[in-house]
1. Can you run down the residue pairs with Cβ atoms below 9 Å, 6 or more apart or on separate chains, where the first is in the stretch 132-147 and closer than 18 Å to Ala169 by Cβ and the partner is of a type in the set (S, T, N, Q)?
2. Kindly establish whether Ala211 is assigned to a helix (DSSP H, G or I), in the same structural domain as Glu148 (by TED's automatic domain parsing) and not hydroxyl-bearing (Ser, Thr, Tyr).
3. Taking the condition of being at pLDDT 90 or above, in contact with a Gly (Cβ under 7 Å, 6 or more places away or on another chain) and not polar (S, T, N, Q), how many residues in the stretch 302-333 meet it?
4. Kindly provide the set of residues from the stretch 270-298 that are surrounded by 16 or more Cβ atoms within 10 Å (Cβ to Cβ) and not in a loop (DSSP other than H, G, I, E, B), ordered by number.
5. If you go through the stretch 62-107 one residue at a time, how many are crowded, with 17+ Cβ neighbours inside 10 Å, farther than 22 Å from Asp230 by Cα and aliphatic (A, V, I, L, M)?
6. Based on this model, can you work out whether Ala209 counts as surrounded by fewer than 14 Cβ atoms within 10 Å (Cβ to Cβ) and touching a helix residue (DSSP H, G or I) at 6+ places or on another chain (Cβ under 9 Å)?
7. In the set Arg106, Arg118, Arg74, Arg128, which member is farther than 30 Å from Leu340 by Cβ, outside any loop (DSSP other than H, G, I, E, B), of a type outside the set (Val, Ile, Thr) and within 24 Å of the chain's Cα centre (by Cα)?
8. Could you identify the single residue in Glu165, Glu173, Glu153 that is over 30 Å from Glu97 (Cα atoms) and crowded, with 17+ Cβ neighbours inside 10 Å?
Amino acid sequence: MQRRTLGLIALSAAAVTTTLLIVARPDTGVGAADRAAAAEMTRAHDAALIVGPGRVEPISEEIAVSGEVPGRLRAVRVDEGDRVTKGQVVAEVEPAEYRARLAAARAALSMAQAEEQRLVNGSRSEEREEARAAAAQADEVAQQAAAERRRRETLFAEGVIAREELERAVRDERVAASRHVERREHARVVDAAARVDERARARAAIALAEAQVDEAAVLLEKTLVRSPVDGIVLRRHMRPGESLAVLPVPSPIVTLADVSALRVRVDVDESDIGGLRVGQAAWVTADAYGSRRFGGRVVRVGEMLGRARIRTDDPAERIDHKVLETLIELESSARLPIGLRVDAFITRVN
């Protein structure tokens, strides 16, 4: 980059020297009109191009792929330079804990479903028979207590027994009658179907358990870290056995990029932004490829000026000027390394 910059300075100096010689030697056969034409051609050439430093990047930009659940990395299945397809598993988090969560959620769902079935089925036939028998027994006891109370009333009227014995018989009758009512109502409860609110509560418990199963299944699936795009692995950051964190900032496992097409991000000086338009023809060059040009076109022009982000090796480079970030999409035949610094040339629009 520095050699090309020095070469451009030397060429510019030679052009200026030649122009001065032409202007200083009016009698060499070159007329004033020719000198004006040459100067105009030089200005036209300079004004026809917008030049700026750029850096090659993938069409998708760089994608840092991390896990969505924390844990210990069980495996990293790709390495730098590997090509991956969308949905391909690139890493795996230890799944034992998440499998246990799923098993527990499924067990809770089974319990909720069993409880609902119990409400729907009601009591067992043996329980119903037992409740009916207890109610019948309580009825017999109540009838016997009532008969005993009537007999004691007769005896009290005849003066055979004291009032205290009559009162005891009355009390025993009331107790027996209350116990009969209790047993009879219990038998009705055993025979009755589940209430509407009980069934609604059971269905809600099942819905909650199903949601917990779905959540646990999703978490287990997320232990498989998949590629979001077709692309290539630019960098591998983690290895098996390392702990993966997702909060507060996710730890990247690999960095991927879609390199099916390449772009160049260019810093255009603020003095040149008036000649920028989407669709303009452009090309880039790089030191490593000599004078070879890689064609393309402008696909995006920024909306806000900012500080230059791309640095060259030129010690005289200005770093305090404002630039407008511009994207050039290269032709499909261009094959350049990601991150390569280039010089971009854009055909200016009048």
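The values are calculated or read from the model by the stated rules, or taken from the named source; none is laboratory data. From a predicted model like this one, the values you see are computed outputs, not experimental measurements. Cβ atoms come from the backbone with ideal geometry, glycine included; neighbour counts cover every protein chain shown.
1. Here the result reads Ala142/Ser178, each pair linking the stretch 132-147 to a residue that is of a type in the set (S, T, N, Q).
2. On the way: assigned to a helix (DSSP H, G or I): yes; in the same structural domain as Glu148 (by TED's automatic domain parsing): yes; not hydroxyl-bearing (Ser, Thr, Tyr): yes.
Against the criterion (assigned to a helix (DSSP H, G or I), in the same structural domain as Glu148 (by TED's automatic domain parsing) and not hydroxyl-bearing (Ser, Thr, Tyr)), Ala211 qualifies.
3. Looking only at that region, the number is 7.
4. Taking the stretch 270-298 and keeping what is surrounded by 16 or more Cβ atoms within 10 Å (Cβ to Cβ), we get 272-273, 275-276, 280, 282-286, 294, 296-298.
Hits for the stretch 270-298 are Asp272, Ile273, Gly275, Ala282, Trp283, Val284, Thr285, Phe294, Gly296, Arg297, Val298.
5. Summing the residues that are crowded, with 17+ Cβ neighbours inside 10 Å, farther than 22 Å from Asp230 by Cα and aliphatic (A, V, I, L, M) in the stretch 62-107 gives 4.
6. Details: surrounded by fewer than 14 Cβ atoms within 10 Å (Cβ to Cβ): no; touching a helix residue (DSSP H, G or I) at 6+ places or on another chain (Cβ under 9 Å): yes.
In short, no.
7. Just a single option satisfies the conditions, and that option is Arg74.
8. On the way: Glu165 fails: crowded, with 17+ Cβ neighbours inside 10 Å; Glu153 fails: crowded, with 17+ Cβ neighbours inside 10 Å.
Step by step, each of Glu165, Glu173, Glu153 is checked, and only Glu173 is over 30 Å from Glu97 (Cα atoms) and crowded, with 17+ Cβ neighbours inside 10 Å.
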